[in-house]
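Heads up: the structure comes next, in structure tokens.
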Amino acid sequence: MEDERKEQLLQNYLDNKLTTKETAEFNKLIKEDNEFAADVQAFETLDHGLSSLGYQHLKNDVKSWEKEWLKDTTDETKTQSMFSFYSVAAVILILISVGIIFYYNSSTDPQELFAQNYTPYQDMILQRGSDDVENQSLTEGMQAYNMQQYDLAANKLNHYLSSFPSEYGAALYLGISQMELDNFDSSEQNLVLAMNDPMFTQQSQWYLSLLYLKSEQTEKAREKLIEISLNKDHYKSKEASDILEKLD
């Protein structure tokens, strides 16, 4: 896809002007083009940051400068320069405000971000009366999970899944229990497995991002948080955006 098309999609996204067709095109591009996804996150962070600090008029100034610049720019150079121009203009706006400089350069240790955002996910298996709750291993595993006895919970839930490997919902709670025990590799495997259950897909994505923070796999955490933040229907979209703004 031409860079000019990407720029137009990004601009329409920031202005909330994407058509239905463009939305599908934009979402497909986000999944397939990591560089574009990073650009979207960077511009979206800037956009949100300026708004939250009351600098809407500065955002408008950037767009005004951009329009004036494009009038005097040939088609041949527009595609190559538009992103750099917008970026430089935005950086200038940031640099003229000490408050914004502090806002964007403040960062928090990944494990601290984990601690600020982590709470074990509530039990939706026993509470909802799953058809499998009569299974002793599952019942005992979830009871142990609810009592924060994560070693016992992991043991029971692992036993249950060895007999019922397609019960992906249980894998979410097993993954969280293993994360509590700092068993990061097994936790990751089970949280990825839990994504196969539509009821727990978003929860699995969220806890996987937290796992990466806790285990200080910063780049993996950033990638997963970007994915979550760009899905405005995700139940943790805002929290993911907030973490990205603080992540070094």
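Each reported figure results from applying straightforward, stated rules to the coordinates on display, with no laboratory input. Owing to the predicted nature of the structure, the values given are computational and were not obtained by experimental measurement. Positions of Cβ are generated from backbone atoms using ideal geometry, with glycine treated the same way; all protein chains shown enter the neighbour counts.
The table that follows gives values for the structure above.
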| read-out | value |
| --- | --- |
| Selection count, the range 198-211, where residues are in contact (Cβ under 8 Å) with a residue 60 or more places away in the chain and in a helix (DSSP H, G or I) | 3 |
| Subset of the range 155-197 (residues that are outside any helix (DSSP H, G or I) and under 24 Å from LEU213 (Cα atoms)) | LEU181, ASP182, ASN183, MET195, ASN196, ASP197 |
